[in-house]
Amino acid sequence: MKKSLLILLCMLLINVFSLPVHADTGSSLSLLAINVRKADALLLRSGKSAYLIDTGSEESAPALLAALREEGITRLTGVILTHTHKDHVGGLDALLASNIVIDQIYASGYYNKKKESKHPAVKAVKGTGLEVRFLFAGDTLPLDGGSLAVIGPLEKNDDLENNNSLVLLAEGSGGK
């Protein structure tokens, strides 16, 4: 039986919480909302996979890094940037400068600027050896014990950057 967890990315993050969905094997799919004030940062974990979805703002980066340290995070399978507003990508520079190993940076394939080189993630990873992989609906990322599917957006919105935000569906094995 599959248990699904739809990650709602446009939510007000007031407190830090965890939502576990335990599988028969003892591993779990969990989502932790990190309190980064008026910004967004979510930590999705399943088995050995750990994805950070958005990095908060530049001002909230110390709180983000402290929360990741408290959770014992030393490696991230990926950092997923839902869209380019500063309250979602502002902590990326501090995260890249930390001692946390990042396997891959992901970003929405829809971006309102004409040049990809102006994308905040592309600018941030310059000189790090990392590249940004752009995601579109239909793409799937590896998730230990399940999958992480990109289900939106379906098309680019030239008027509102928020409408270009990634929408993700995490699925993991569940019990009866």
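The values are calculated or read from the model by the stated rules, or taken from the named source; none is laboratory data. This structure is a prediction, so every number in the text was calculated from the model and none was measured. Here the Cβ positions follow ideal geometry from the backbone for every residue, glycine too, while neighbour counts run over all protein chains shown. Areas reflect the complete protein model, heavy atoms only, side chains present, ligands, DNA and RNA absent. Shrake-Rupley method; radii C 1.70, N 1.55, O 1.52, S 1.80 Å.
Can you name the residue in the range 47-87 that is of a type in the set (Lys, Arg) and in contact (Cβ under 8 Å) with a residue 24 or more places away in the chain and, of all such residues, is farthest from residue 161 (Cα to Cα)?
Filtering the range 47-87 for residues that are of a type in the set (Lys, Arg) and in contact (Cβ under 8 Å) with a residue 24 or more places away in the chain, the one farthest from residue 161 (Cα to Cα) comes out as 48.
Might you check whether a residue that is buried (at least 19 other Cβ atoms within 10 Å of the Cβ) and either touching a Phe, Trp or Tyr at 6+ places or on another chain (Cβ under 6 Å) or among the aromatic types (Phe, Trp, Tyr) (or both) occurs anywhere in the range 43-59?
Scanning the range 43-59 turns up at least one residue that is buried (at least 19 other Cβ atoms within 10 Å of the Cβ) and either touching a Phe, Trp or Tyr at 6+ places or on another chain (Cβ under 6 Å) or among the aromatic types (Phe, Trp, Tyr) (or both).
Looking only at the range 126-146, count how many residues are surrounded by 15 or more Cβ atoms within 10 Å (Cβ to Cβ), part of a strand (DSSP E or B) and not basic (Lys, Arg).
6
Within the range 156-176, does at least one residue satisfy the condition of being at pLDDT 90 or above and loosely packed, with under 15 Cβ neighbours inside 10 Å?
no
For the range 106-121, check the following and say yes or no: at least one residue is among the hydrophobic types (A, V, I, L, M, F, W, C) and either farther than 23 Å from residue 170 by Cβ or open to solvent by 40 Å² or more (accessible area, probe 1.4 Å) (or both).
no
Filter the range 138-176 for residues that are hydrophobic (A, V, I, L, M, F, W, C) and free of Cβ contacts under 8 Å to residues at least 24 places away in the same chain and give the result.
149, 150, 151, 154, 160
Step by step: first the residues of the range 60-77, then only those that are in contact with a Gly (Cβ under 9 Å, 6 or more places away or on another chain) and among the hydrophobic types (A, V, I, L, M, F, W, C), then the one that is most open to solvent (accessible area, probe 1.4 Å). Which residue is that?
Step by step, filter the range 60-77, then rank; the result is 63.
So which residues in the range 78-97 are part of a loop (DSSP other than H, G, I, E, B) and open to solvent by 30 Å² or more (accessible area, probe 1.4 Å), if there are any at all?
Matches in the range 78-97: 85 only.
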